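Notes to accompany the following structure.
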Amino acid sequence: MAQLKLQAAHGTSVCASLFGPPWGGLMPKPSTSGIMNRQNNHELIVSGIHLELTPSLKTFVREKVDRLFRHEEHIVRLRVELEFDPKEEMGSRFKAKGHIIIHGPAMNAVVASDDCHKAVALLTDKLDRMLRRRSRLFKVKRKHPHPVEFDVALPKAMGAI
């Protein structure tokens with residue numbers, strides 16, 4: 001972005017963008033609510049198997065998956081595969097598969113439904129439950145430490161001389 005350095009009347013210099021704010025312009029000020037040091041390095045991969053991905057379907061998946069990224073900031077990559085199998089029975093023709101790459105063990109979930117949008121909604125609910133369970137287990141483990149047994153006797157601390 002091009003910037004212009006301006007000299008103010010009382011000797012201070014000011015950097016101003018040629019194309020709008022920082023912040024005296026037409027665009028709204030960015031929100032600073034939420035986590036300040038959050039990195040948005042999330043990667044979303046949406047693929048279709050025997051199914052053409054329309055822009056509206058991709059947008060629907062992105063909107064639903066944003067909830068997962070908001071709830072868990074440690075997600076590195078999320079892959080969603082939408083599959084259509086015409087040979088399956090009517091209630092489970094559409095399958096949505098979700099693979100979350102996160103710091104720690106990866107998470108996988110599969111949901112089948114009669115509608116593609118419904119399968120995506122059920123998949124995001126299932127992945128959200130899995131992430132909440134993972135978070136809750138980490139909190140329990142952190143708050144309730146367990147004693148550790150050593151096979152070797154530890155040396156005694158020396159008192160002040």
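The values are calculated or read from the model by the stated rules, or taken from the named source; none is laboratory data. Because the structure is a prediction, the values reported are computed rather than measured. No Cβ is skipped: glycine too gets one built from the backbone with ideal geometry, and neighbour counts run over all protein chains shown. Surface areas here come from the heavy atoms of the whole protein model, side chains and all, with no ligands, DNA or RNA. Shrake-Rupley method; radii C 1.70, N 1.55, O 1.52, S 1.80 Å.
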- Item | Largest to smallest accessible area among Lys95, Lys139, Lys87 [probe 1.4 Å] | Lys87, Lys139, Lys95
- Relative contact order for region 35-161: what is it in percent, counting Cα pairs under 8 Å that are at least 6 residues apart? 19
- Order of exposure, largest accessible area first, which applies to Ile75, Ile49 with probe 1.4 Å: Ile49, Ile75
- Item | GluC sites (Glu not before Pro) lying in DSSP loop within region 85-161, provided at most 12 other Cβ fall within 10 Å | Glu89, Glu149
- Query: With every protein chain in place, what's the accessible area of Arg136 (1.4 Å probe, Å², nearest 10)?
  - Reply: 140
